[in-house]
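The values are calculated or read from the model by the stated rules, or taken from the named source; none is laboratory data. In this text, all values refer to a predicted model and were calculated from it rather than measured experimentally. Here the Cβ positions follow ideal geometry from the backbone for every residue, glycine too, while neighbour counts run over all protein chains shown.
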Amino acid sequence: MEIVVGIPRANREEAAALYWEAFGEKLGFVLGPKDQALQFVRSVLRPDHGICAIDENGKLLGIAGFKTTQGALVGGEFRDLRRVYGWISATVRFTLLVALERDIENERFLMDGLFVAREARGLGVGTALLDAVAQEAKRRGYGQVRLDVVDTNPRAKALYRHVGFKEIRTAKIGVLRHFFGFSAATTMVRDV
């Protein structure tokens, strides 16, 4: 397995599909149906905001995204939503996404999603990507990495704990739980 900062052009379509496989359940109500969601993800994917694991044949095994003041792995603006969903639908989707939006801080490097191909789970890909995120944070001058993990993903939370992340707070999302399929998110940090 090779860890690469950025997502190679040859893997971008695969990256969008893998992203949707990982987050489609959480984002399905807001970004679905799948064909439109994939169109949207492909159009806003920022390859410079991801670290990926690739096997010896060039197949994408997983990605760790991060967020900076310049953007996120999968971000986008209202106009990007409008192009895919139209004015009215984009307005509703944008409103819900903004309500869920996480802040960017200067104190910690913000990880923005970790997803591993189903066939590569349990093989150390997630751990390798988390270590690479910590290295990238250190390279950029940060002392900690921060992430949020939803209450419906105990496997991810266990992995984060295993590699040294500590829980600092849990926040309920209130009525948004009806749109996103989870009730709370735990913020975790790891020293680098």
Output the residues belonging to segment 130-165 that are within 25 Å of Ala184 (Cα to Cα) and hydrophobic (A, V, I, L, M, F, W, C). Leu130, Val133, Ala134, Val145, Leu147, Val149, Val150, Ala156, Ala158, Leu159, Val163, Phe165
Can you pull out every residue in segment 62-114 that is free of Cβ contacts under 8 Å to residues at least 40 places away in the same chain, over 28 Å from Val145 (Cα atoms) and in contact with a Leu (Cβ under 9 Å, 6 or more places away or on another chain)? Ser89, Ala90, Thr91
Mind telling me which of the residues Val149, Val192, Val133 ends up being within 29 Å of Glu56 (Cα to Cα) and in contact with a helix residue (DSSP H, G or I) (Cβ under 7 Å, 6 or more places away or on another chain)? Val192
One residue is enough: does segment 80-92 have a residue meeting the conditions at pLDDT 95 or above, in contact with a Gly (Cβ under 6 Å, 6 or more places away or on another chain) and buried (at least 19 other Cβ atoms within 10 Å of the Cβ)? no
With respect to Val5, determine if the residue is hydrophobic (A, V, I, L, M, F, W, C), in contact with a helix residue (DSSP H, G or I) (Cβ under 7 Å, 6 or more places away or on another chain), assigned to a helix (DSSP H, G or I) and in contact (Cβ under 8 Å) with a residue 24 or more places away in the chain. no
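Name the residue, out of Ala17, Ala10, that is at pLDDT 95 or above, of a type in the set (Gly, Ala, Ser) and on the phi < 0 side of the Ramachandran plot. Working first, answer last.
Values: Ala10 fails: at pLDDT 95 or above.
That would be Ala17, the only listed residue that is at pLDDT 95 or above, of a type in the set (Gly, Ala, Ser) and on the phi < 0 side of the Ramachandran plot.
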How many residues of segment 37-74 are outside any strand (DSSP E or B), under 24 Å from Ala128 (Cα atoms) and either of a type outside the set (D, E, K, R) or touching a Phe, Trp or Tyr at 6+ places or on another chain (Cβ under 9 Å) (or both)? The answer is 5
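For segment 100-192, list the strands (runs of 3 or more DSSP E) that sit wholly inside it and hold at least 1 residues that are over 16 Å from the mean Cα position of the chain (by Cα); which are they? Can you show your working first?
Values: elements: 109-116, 144-150, 166-172, 184-191.
It comes to 144-150, 166-172, 184-191.
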